[in-house]
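In what follows, a structure is listed as C-alpha cells, so that the remarks can point back to it.
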2 protein chains.
Amino acid sequence: MPKIIVEVMPKADLLDPAGKAVNNALHRNGHNEISNVRIGKRIELHFDRAVTDADVAAAQKIGEEFLSNAVIEDVVSVTVEN
Amino acid sequence: MPKIIVEVMPKADLLDPAGKAVNNALHRNGHNEISNVRIGKRIELHFDRAVTDADVAAAQKIGEEFLSNAVIEDVVSVTVEN
C-alpha cells in the first residue's frame, strides 16, 4: 500500500526528558557508546492509490501545520514508500 | 553528528486510536485521499564517533528488546545517518 511517512522530532535546542531517560537506562545497561537519545514521531499516511507529487507537497504542509507543533518540533523528513 | 535511527510502529493488525483520530480530523479538513493514519516512534541514538556495523546490530537489538514492546509493536527500520 502506498504511503507517505512524515517524521517529526523535538527541536534540537529543546530538552527531551523521555529521550534523556532512555539514554540513562541504556548507559545503566552498558551502552556508553550512545551519547544522547531523542524521541520523536513517525506518522504514516496511507493511500489507496499511487502517491503523486501533489500528495507529497500536501503531506509536508499537513506535517508542518497539523501533525507537529512548530514551537517545539520540526518536520525532519517526508518520504514516499510504495 | 553520526546517529542511528530506530523506527517503531504499532503492529498492522492492532488498533491505533491516535492514528484513527488524526485520520478523522484530516478527513474533516478535506483530505479524503488519505485512507488511514498510523502513528509510531522515531528514536535517534546519537554517537560521538563514526557508527560501525556492530553499532547497527546493537541498535537493532536495543530496538527490539528495549525501545519497543514486541507484543504490540514492530521495529520497522534501523538506519544510519552520518
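Since every read-out is calculated from the coordinates, none of them should be taken as a lab result. These numbers come from a predicted model, not from an experiment. Positions of Cβ are generated from backbone atoms using ideal geometry, with glycine treated the same way; all protein chains shown enter the neighbour counts.
Take region B:20-47 and flag every residue that is of a type in the set (Gly, Ala, Ser) and at the interface with chain A (Cβ under 8 Å from one of its Cβ atoms).
Selection gives B:Ala25, B:Ser35, B:Gly40.
Does any residue in region A:14-42 that is without any contact (Cβ under 8 Å) to a residue 12 or more places away in the chain and surrounded by 12 or more Cβ atoms within 10 Å (Cβ to Cβ) come within less than 9 Å, Cβ to Cβ, of a residue that is part of a helix (DSSP H, G or I) and among the charged types (D, E, K, R) six or more places away or on a different chain, and which pairs are these?
Filtered contacts from region A:14-42: A:Glu33/B:Asp55; A:Ile34/B:Asp55.
Would you tally the residues in region A:48-67 being closer than 17 Å to B:Ala25 by Cβ, within 10 Å of another protein chain (Cβ to nearest Cβ) and in contact (Cβ under 8 Å) with a residue 12 or more places away in the chain?
Total meeting the criteria: 3.
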